[in-house]
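Engineer: Input: one structure, supplied below.
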Amino acid sequence: MMDNKKEQTAALVQAQQSFFASGKTLSTVFRKEQLKQLRKVIISHQTDIEEALHADLGKAPFEAYETEIGLVLEEISYAIRHVASWARPKRVSLSAAHFPAAARIYRDPHGVVLIMSPWNYPFMLTIAPLISAIAAGNCAIVKPSRYSLHTSELIISLIADTFDQHYIAAVSGGREENTLLLEQPFDFIFFTGSPAVGKVVAQAAAQRLVPVCLELGGKSPCIVDTTADIDLAARRIIWGKLLNAGQTCVAPDYVLVCEQIKDRLLAAMNRYIKMFYGTDPVHNDQYPSIINEHHFDRLCALADKSNPLNGTAICNAVVFCDRTIRKIAPVLLDNPAVDSSVMQDEIFGPILPVLPIRTVADAMQFISQRPIPLALYLFSNDVRVQKEISLRLRFGGGCINDTIMHLATPRLPFGGAGNSGLGQYHGKFGFETFSRPKTVVKKSSAIDIPIRYPPYSATNNTFIHFIMK
């Protein structure tokens, strides 16, 4: 059985290599037509996508559109409008040393690419990189997560109905299939997931010297200083944290708040939890569920109120959790220990630790001593603080006086750094990630200046120093 799967996977990759070699994907007209087809099938199956996301993650139709379908449609439209200019060779001026000559930079597609996507935003995080791959002129094999079963099956079906599998294909499966795919001679690998699995992907790619883009995660901090609008900060932090029940790679993972305003912020955040989802979020139809029982149990353990290291748990919900629907009420943890389990790894759920700090400088020191986060959020109306945080701290991307919104546009790059990722995408940045610059210098054959050829003399040296200044 394993040998049969391996042969089928190898045959699919080889077929895509042949399709790419035909040169068909190099036409921007072809690329735009494929993107239009993708947009058409998404629009016509919007209800099916919403239902699949609800089945996997309990997402309400509005949240499904807001955080997945709408973002993908905007990404497609933006790529259709701009792909011709992105792909156009760019002319570059040369120094006198090259006279007479012209130079251009071409954007070469990588070839056959592998896109491995996660379960937390199973539609958006599969289709968004695929849009970039198509715009850049690649063939692609997409591997959705087996955990988000309903959405992954729908994606596989929609791609099969829309594209020739020798051009774009989607395959199902779990760890075994992932291993088989990573053994294939892809030209580029795009992976979204945890840092632990990202290391496995990078190691497999290194064996073949295959370039990668790794979109990972980490503990994204949120800083709130004394100049912040506390009510606005609470509203936007809770909104960003509880999207997808906290199963968002750029969700605020913990809050560092100046001690003078901590209690006010906690009260305001608790108020907005009730305002958004009521006193019984677990049975609110608009509040998402946890992906599976494994993560449900993991999160329940992190929110353990009897653990003294977790500080004071604030959870005023009528029901804390319900295993049958895999829902956990939002929990605020007031002043947990820095070495507590909830402060070690990315939480990826509706639990938010809140730690007091004396000054913003303390917050900066705390963050800089830890792995580079994927996102950072600052709530402050002090321009000096805004500038200092933006310039001095390393993080993938972020917002000032908001959360999440930095990734909700194709006009800005999205990606991490260090432990939180490698490379970026969205819009033109995704096009560039899925292609590479190729330099071509065109020299005139009418003139050939002999000064560069041996035997060399003092005249050669004088001339070359002059023209290369």
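The values are calculated or read from the model by the stated rules, or taken from the named source; none is laboratory data. These numbers were taken from a predicted model, which means no experiment stands behind them. Every residue, glycine as well, gets a Cβ built from its backbone with ideal geometry; the counts of neighbours run over all protein chains shown. The accessibility values were calculated without ligands, DNA or RNA, using every heavy atom of the protein model including side chains. Shrake-Rupley method; radii C 1.70, N 1.55, O 1.52, S 1.80 Å.
Engineer: When you scan the range 443-453, do you find a residue that is touching a strand residue (DSSP E or B) at 6+ places or on another chain (Cβ under 9 Å), under 18 Å from G217 (Cβ atoms) and either assigned to a loop (DSSP other than H, G, I, E, B) or modelled with pLDDT under 95 (or both), even just one? Spell out the reasoning first.
Structural biologist: In the first step, residues of the range 443-453 are kept if they are touching a strand residue (DSSP E or B) at 6+ places or on another chain (Cβ under 9 Å); the result is 443-444.
Next, from what is left, pick out any that are under 18 Å from G217 (Cβ atoms): none.
Checking the range 443-453: not a single residue is touching a strand residue (DSSP E or B) at 6+ places or on another chain (Cβ under 9 Å), under 18 Å from G217 (Cβ atoms) and either assigned to a loop (DSSP other than H, G, I, E, B) or modelled with pLDDT under 95 (or both).
Engineer: Right, another one. Go through the range 170-180 and give me each residue that's closer than 22 Å to E346 by Cβ, open to solvent by less than 60 Å² (accessible area, probe 1.4 Å) and either without any contact (Cβ under 8 Å) to a residue 40 or more places away in the chain or among the charged types (D, E, K, R) (or both). Walk me through how you get there before you give the answer.
Structural biologist: Residues of the range 170-180 that are closer than 22 Å to E346 by Cβ, as a first pass: 174-175, 178.
From what's left, open to solvent by less than 60 Å² (accessible area, probe 1.4 Å): 174, 178.
The answer is G174, and nothing else.
Engineer: Still on this structure: Suppose we filter T126, T151 for residues that are out of contact with any Ser or Thr (no Cβ under 6 Å at 6 or more places or on another chain), of a type in the set (S, T, N, Q) and assigned to a helix (DSSP H, G or I); which single one remains?
Structural biologist: Values: T126 fails: out of contact with any Ser or Thr (no Cβ under 6 Å at 6 or more places or on another chain).
None of the other options fit; the residue is T151.
Engineer: Let me ask you something else. Residues being of a type outside the set (S, T, N, Q) and open to solvent by less than 30 Å² (accessible area, probe 1.4 Å): count how many of those fall in the range 51-71. So that I can check it myself, show each step before the final result.
Structural biologist: Taking the range 51-71 and keeping what is of a type outside the set (S, T, N, Q), we get 51-66, 68-71.
Next, only the ones that are open to solvent by less than 30 Å² (accessible area, probe 1.4 Å) stay: 52-53, 56-60, 63-64, 68-70.
Number satisfying all stated conditions: 12.
Engineer: Also, I was wondering about something else. Of all residues in the range 181-203, how many are outside any loop (DSSP other than H, G, I, E, B) and crowded, with 19+ Cβ neighbours inside 10 Å? Steps first, answer last, please.
Structural biologist: Taking the range 181-203 as the starting set, the residues that turn out to be outside any loop (DSSP other than H, G, I, E, B) are 181-182, 188-192, 195-203.
This time we only want the ones that are crowded, with 19+ Cβ neighbours inside 10 Å, so: 181-182, 188-192, 195, 198, 201.
Qualifying residue count, the range 181-203: 10.
Engineer: Ok, one more. Just need a number here: residues in the range 72-105 that are closer than 17 Å to S435 by Cα, basic (K, R) and exposed (fewer than 14 other Cβ atoms within 10 Å of the Cβ).
Structural biologist: 2
Every residue, every condition in (1) over 21 Å from G240 (Cβ atoms); (2) buried (at least 23 other Cβ atoms within 10 Å of the Cβ); (3) modelled with pLDDT of 95 or more, yes or no:
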{"site": "N310", "(1), (2), (3)": "yes, yes, no"}
{"site": "D334", "(1), (2), (3)": "no, no, yes"}
{"site": "D345", "(1), (2), (3)": "no, no, no"}
{"site": "P350", "(1), (2), (3)": "no, yes, yes"}
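Engineer: Would you mind finding the one in E33, E75, E66 that is closer than 29 Å to F276 by Cβ, free of Cβ contacts under 8 Å to residues at least 24 places away in the same chain and of a type in the set (D, E)? If you could, list the steps in order and put the result at the bottom.
Structural biologist: Numbers: E33 fails: closer than 29 Å to F276 by Cβ; E75 fails: free of Cβ contacts under 8 Å to residues at least 24 places away in the same chain.
Sole residue among the options that is closer than 29 Å to F276 by Cβ, free of Cβ contacts under 8 Å to residues at least 24 places away in the same chain and of a type in the set (D, E): E66.
Engineer: Hey, A206 hits all of (1) open to solvent by less than 10 Å² (accessible area, probe 1.4 Å); (2) not in a strand (DSSP E or B) but one; which does it fall short on?
Structural biologist: (1)
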